[in-house]
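These notes are about the structure you will find just below.
The values are calculated or read from the model by the stated rules, or taken from the named source; none is laboratory data. Computed from a prediction, not measured in an experiment: that's the story for all the values here. Virtual Cβ from ideal backbone geometry, glycine too; neighbours counted across all protein chains shown.
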Amino acid sequence: MREITVDLGPRSYPIYIGSNLLYSSELYKKLAGSAELMVVTDSNVGNLYLGGVLDALSDFKVKSHVIPAGEVYKTLDSMNQIINSLLSNRYGRSSCLIALGGGVVGDLTGFTAACYQRGIRFLQLPTTLLAQVDSSVGGKTAVNHAMGKNMIGAFHQPGGVISDISVLQTLPEREFNSGLAEVIKYGLIRDQEFYEWLESNIDNLAVKKAGPLGYAIERSCLNKAAVVSKDEKETGLRAILNLGHTFGHAIETGLDYQLWLHGEAVGLGMLMAAHMSMLMGWIPGSTLDRIKSLIQRAGLPVYLPEQLRNVNLRELMSVDKKASHGRLQLILLKEIGDVVITADYDESVLQETIRFFTSLRT
């Protein structure tokens with residue numbers, strides 16, 4: 001078992017990474033203490049793991065709340081249903097929520113914990129690769145709005161993260177590949193050595209070899225923990241973690257949070273950011289080709305779906321939390337392992353990037 005600490009002073013917490021951790025009663029006792037617990041999960045994950053987790057929590061007062069699976073249920077309505085469960089069972093401020101699932105469950109549960117009785121403790125039990133390397137770490141919690149992704153939320157750090165690599169063996173291939181987009185992101189934004197390792201090992205990751213998989217998750221979490229420790233609430237540096245996300249969130253919104261997974265949209269978003277960086281003269285075409293190749297080898301799309309050919313992506317991008325004084329900030333590449341947060345770009349270059357991808361055909 002590997003242990004990483006997200007260093008945030010009094011809000012610091014551990015990330016445990018290893019096999020067969022999901023049913024570790026000792027870890028739950030260490031992280032939850034004597035709190036009353038409520039496990040929040042979705043219908044897909046609940047069918048696989050909820051029973052075993054509840055057995056591991058048999059020494060606690062524990063209830064469970066199951067939501068339907070899917071991004072479309074990451075809403076205020078789902079949050080209100082969790083709050084109804086907490087109130088009906090008379091959970092107080094000393095209680096603790098446990099998020100058992102992927103990014104949707106983690107974000108929703110964390111935001112509920114941030115709001116319930118002005119803030120209660122919660123733990124992350126991420127069951128997807130994307131959640132293990134990204135969304136479970138860093139304290140970003142939110143629900144979606146019809147006009148934009150993650151528009152209603154709060155920073156609320158978990159009390160701990162338990163990442164059980166074993167559960168990824170049951171993850172469908174498409175879900176797993178979606179998580180690889182966030183793994184690739186860490187190489188692109190600040191870790192050139194890791195990116196080169198990924199180019200050599202992406203095929204081993206695709207078949208979920210335990211050694212490379214454990215290393216990729218640990219390296220990703222180390223990168224994210226380092227950034228979050230320096231900028232917890234995204235006032236500067238932390239924005240680099242959004243490489244590809246402004247494009248990606250526009251894609252997700254344009255598809256009504258259906259058809260594509262988050263990592264698929266982010267993967268293409270990173271490719272669009274790289275393409276724009278090339279048009280600005282910041283990276284050569286050979287670097288863009290390397291990025292496109294790795295994204296393709298990870299099983300991620302490199303073309304927009306037909307449903308977005310006539311959608312105004314630029315307008316959707318304008319509804320973005322990174323916009324400042326009406327000007328959209330983008331994360332663009334200087335080279336692999338080095339990015340810049342900038343609003344200093346030619347709007348025509350952004351428009352040309354969007355036109356290029358909306359005209360591409362498979």
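Observations
- Residue in the stretch 111-126 that is more than 15 Å from the chain's Cα centre (by Cα), under 19 Å from residue 226 (Cβ atoms) and aromatic (Phe, Trp, Tyr) present: no
- Identity of the residue in the stretch 75-91, part of a loop (DSSP other than H, G, I, E, B) and touching a residue at least 12 places away in the same chain (Cβ under 8 Å), that ends up farthest from the chain's Cα centre (by Cα): 89
- Residues located in the stretch 215-240, provided they are in contact with a helix residue (DSSP H, G or I) (Cβ under 6 Å, 6 or more places away or on another chain) and not β-branched (Val, Ile, Thr): 216, 219, 220, 223, 230, 231, 237, 238
- Cβ pairs under 9 Å, 6+ apart, first in the stretch 25-39 and assigned by TED's automatic domain parsing to the domain that holds residue 96 and within 8 Å of residue 57 (Cβ to Cβ), second in a strand (DSSP E or B) and among the hydroxyl-bearing types (Ser, Thr, Tyr): 39/64
- Test for residue 285: is it more than 23 Å from the chain's Cα centre (by Cα) and on the phi > 0 side of the Ramachandran plot: no
- Residue that is surrounded by the most Cβ atoms within 10 Å (Cβ to Cβ), among those in the stretch 223-245 that are in contact (Cβ under 8 Å) with a residue 12 or more places away in the chain and polar (S, T, N, Q): 242
- Whichever residue in the stretch 174-204 is closer than 18 Å to residue 131 by Cβ and either at pLDDT below 95 or of a type in the set (Asp, Glu) (or both) and, among such residues, is surrounded by the fewest Cβ atoms within 10 Å (Cβ to Cβ): 175
- Residues being part of a helix (DSSP H, G or I), of a type outside the set (Phe, Trp, Tyr) and buried (at least 18 other Cβ atoms within 10 Å of the Cβ) - total across the stretch 2-30: 1
- From the list 45, 66, 40, the lone residue that is modelled with pLDDT of 95 or more, within 20 Å of residue 167 (Cβ to Cβ) and touching a His at 6+ places or on another chain (Cβ under 8 Å) is 40.
- Subset of the stretch 31-55 [over 26 Å from residue 72 (Cα atoms), of a type outside the set (Gly, Ala, Ser), in a helix (DSSP H, G or I) and touching a strand residue (DSSP E or B) at 6+ places or on another chain (Cβ under 9 Å)]: 31, 54
- Options 110, 119: the member that is of a type in the set (Gly, Ala, Ser), surrounded by 21 or more Cβ atoms within 10 Å (Cβ to Cβ) and either outside the structural domain of residue 72 (by TED's automatic domain parsing) or more than 30 Å from residue 290 (Cα to Cα) (or both): 110
The rows are residues; the columns are (1) of a type in the set (A, V, I, L, M, F, W, C); (2) within 29 Å of residue 214 (Cβ to Cβ); (3) surrounded by fewer than 13 Cβ atoms within 10 Å (Cβ to Cβ).
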{"site": "47", "(1), (2), (3)": "no, yes, yes"}
{"site": "68", "(1), (2), (3)": "no, no, yes"}
{"site": "79", "(1), (2), (3)": "yes, no, no"}
{"site": "103", "(1), (2), (3)": "no, yes, no"}
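- Residue among 64, 94 that is of a type in the set (Ser, Thr, Tyr), surrounded by fewer than 21 Cβ atoms within 10 Å (Cβ to Cβ) and assigned to a strand (DSSP E or B): 64
- Check on residue 159, surrounded by fewer than 24 Cβ atoms within 10 Å (Cβ to Cβ) and either under 26 Å from residue 20 (Cβ atoms) or within 14 Å of the chain's Cα centre (by Cα) (or both): yes
- Filter result for residue 152 (within 30 Å of residue 340 (Cβ to Cβ) and assigned by TED's automatic domain parsing to the domain that holds residue 277): no
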